[in-house]
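Written out below as structure tokens is the structure these notes cover.
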Amino acid sequence: MEKATFGSGCFWCTEAMFQRLKGVSDVKSGYAGGHTKNPTYKEVCTGATGHAEVIQLNYDPEVISYDELLEVFWKTHDPTTLNRQGNDVGTQYRSAVFYHNSEQKELAEEYKKKLDESSIWPDPIVTEINPLNEFYPAEVDHDDYYNQNSSQPYCAFVVAPKVDKFKKIFADKLA
């Protein structure tokens, strides 16, 4: 098993999608890329910690490649909006790849470059690609959040449509 860490807005949305992929296990919401040690959700929501909401997952590269994970990452959020995804605004919602090794760094940079050159989006991609220095797991009440709280308004109106779209686009990769 290998690890991958991505930030693409609200971690409830990101977790709900990645945990449905074949070859992915143990998706954990958390925080990365900031300066505060052991931040809390409340602290990260202020934007003062410098952390992004992220997910960290374990995956089996024999079943799903890092390139395939990058494809899901870039196709399931808007990588051209700085510090924002939909109505979620702040540095904690920035688009980021936190790589675990030089191969992940190289693959992420190549993928980003190809997307920029393709002009799929009218604006440049602002996704950060940085080494993972520290991952801080989120509080346990964020674990499996969408599956446990699907009737909560944010989940029903924001997460559910993203998950439905994800299932259609990546039907061949679903567990």
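Do we find a residue being under 24 Å from Phe170 (Cβ atoms), touching a strand residue (DSSP E or B) at 6+ places or on another chain (Cβ under 7 Å) and crowded, with 17+ Cβ neighbours inside 10 Å anywhere in region 37-49?
Among the residues of region 37-49, not one is under 24 Å from Phe170 (Cβ atoms), touching a strand residue (DSSP E or B) at 6+ places or on another chain (Cβ under 7 Å) and crowded, with 17+ Cβ neighbours inside 10 Å, which makes the answer no.
With the structure loaded, tell me whether Glu139 is out of contact with any helix residue (DSSP H, G or I) (no Cβ under 7 Å at 6 or more places or on another chain) and not polar (S, T, N, Q) or whether it fails that test.
For Glu139, the condition - out of contact with any helix residue (DSSP H, G or I) (no Cβ under 7 Å at 6 or more places or on another chain) and not polar (S, T, N, Q) - is not met.
Quick one: in region 79-98, of everything that is of a type outside the set (Gly, Ala, Ser) and under 17 Å from Lys114 (Cβ atoms), which residue is farthest from the chain's Cα centre (by Cα)?
Of everything passing the filter in region 79-98, Thr80 is farthest from the chain's Cα centre (by Cα).
For region 1-116, please list each of the strands (runs of 3 or more DSSP E) lying entirely inside it that holds at least 1 residues being among the basic types (Lys, Arg).
Filter on region 1-116 gives 2-8, 24-32.
Does Tyr146 satisfy the condition of being out of contact with any strand residue (DSSP E or B) (no Cβ under 7 Å at 6 or more places or on another chain), surrounded by 19 or more Cβ atoms within 10 Å (Cβ to Cβ) and closer than 19 Å to Ser65 by Cα? Working first, answer last.
Values: out of contact with any strand residue (DSSP E or B) (no Cβ under 7 Å at 6 or more places or on another chain): yes; surrounded by 19 or more Cβ atoms within 10 Å (Cβ to Cβ): yes; closer than 19 Å to Ser65 by Cα: no.
Taking the combined requirement at face value, the residue does not satisfy it.
Kindly evaluate Asp172 against the criterion of being exposed (fewer than 14 other Cβ atoms within 10 Å of the Cβ), in a helix (DSSP H, G or I) and within 18 Å of the chain's Cα centre (by Cα).
no
From the list Glu109, Glu117, exactly one residue is in contact with a strand residue (DSSP E or B) (Cβ under 9 Å, 6 or more places away or on another chain) and either charged (D, E, K, R) or surrounded by fewer than 16 Cβ atoms within 10 Å (Cβ to Cβ) (or both). Which is it?
On inspection, the qualifying residue turns out to be Glu109.
Every number here is computed from the coordinates shown, using simple stated rules; none is lab data. The structure presented is a predicted model; accordingly, all values stated were derived computationally and were not measured. All Cβ positions, even for glycine, are placed from backbone atoms using ideal geometry, and neighbour counts span all protein chains on display.
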